[in-house]
Amino acid sequence: MNKILKFAKVFILVDLCLIIFGMIFYTPTWVLNTQVAFIGSLFVTLASFLSYKKNVQNRLSNFETSTANLKVEDRDKIDEIDDPFDLYSEDEELTPSKIKEIIKEEKSKIKRNSFKNTLFSATGFISIYRVVGYLALIIGFFALNNSKTLLPFPFLIGLAIVPISVLISKFTLKLEEDR
């Protein structure tokens with residue numbers, strides 16, 4: 001949560017700088033275009049974050065329940081850390097034909113689960129949050145266009161605030177971690 005607040009501070013700071021710049025050097029219509037685009041792209045970004053966070057949490061809970069059902073042998077903690085999936089067990093010797101068989105089996109699992117994986121990840125890109133975010137962005141665009149106040153360049157600048165703020169945030173957070 002602390003990182004989210006740091007990101008939010010950078011978003012607000014960059015946006016305030018853009019508002020002040022727009023009020024000094026441009027018209028209020030210019031600022032309106034940047035703000036409509038900024039708010040729309042912020043909704044889309046937050047919605048994407050929330051939907052993918054939920055998707056990851058669902059997958060983790062599914063992974064935890066599936067790994068709980070696996071046979072757990074008496075292995076020491078160091079061995080579990082070094083080889084969590086028991087790939088280097090000493091019980092059987094791996095021959096080239098055995099390795100090929102294992103690879104073939106794993107590839108068939110991937111092919112079988114591709115539809116399942118698509119369904120699991122679909123919740124990330126077809127979430128209600130993202131749909132509402134894109135709708136807000138589209139409605140804002142058409143509202144500006146219908147009122148004959150759409151200025152494409154400031155609108156694009158407003159869309160760019162969020163990605164630029166994310167880059168600035170990542171850079172500043174990286175500097176704080178290095179200290």
Please enumerate the residues belonging to the stretch 1-31 that are farther than 21 Å from Thr172 by Cβ, open to solvent by less than 80 Å² (accessible area, probe 1.4 Å) and either touching an Asp or Glu at 6+ places or on another chain (Cβ under 7 Å) or assigned to a helix (DSSP H, G or I) (or both). Gly22, Thr29, Trp30, Val31
crowded, with 19+ Cβ neighbours inside 10 Å and polar (S, T, N, Q): is that true of Ser165 in this structure? yes
Would you check if Ile103 is β-branched (Val, Ile, Thr), within 23 Å of Ala37 (Cβ to Cβ) and at pLDDT 70 or above? no
In the stretch 33-52, is there at least one residue being free of Cβ contacts under 8 Å to residues at least 40 places away in the same chain, out of contact with any strand residue (DSSP E or B) (no Cβ under 8 Å at 6 or more places or on another chain) and either closer than 16 Å to Ile164 by Cα or open to solvent by 50 Å² or more (accessible area, probe 1.4 Å) (or both)? yes
Hey, any hits in the stretch 117-137 for a residue that's open to solvent by less than 70 Å² (accessible area, probe 1.4 Å), modelled with pLDDT of 85 or more and under 24 Å from Val14 (Cβ atoms)? yes
Enumeration of residues in the stretch 138-159 that are within 19 Å of Ile19 (Cβ to Cβ) and either surrounded by 15 or more Cβ atoms within 10 Å (Cβ to Cβ) or in contact with a strand residue (DSSP E or B) (Cβ under 9 Å, 6 or more places away or on another chain) (or both): Gly140, Leu144, Thr149, Leu150, Leu151, Pro154, Phe155, Ile157, Gly158, Leu159
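The values are calculated or read from the model by the stated rules, or taken from the named source; none is laboratory data. In this text the structure is predicted, and so the values were computed from the model without any measurement. In this analysis, Cβ positions are derived from the backbone assuming ideal geometry, glycine residues included, and neighbour counts consider all displayed protein chains. We work out accessible area using only protein heavy atoms, side chains counted, and drop any ligands, DNA or RNA first. Shrake-Rupley method; radii C 1.70, N 1.55, O 1.52, S 1.80 Å.
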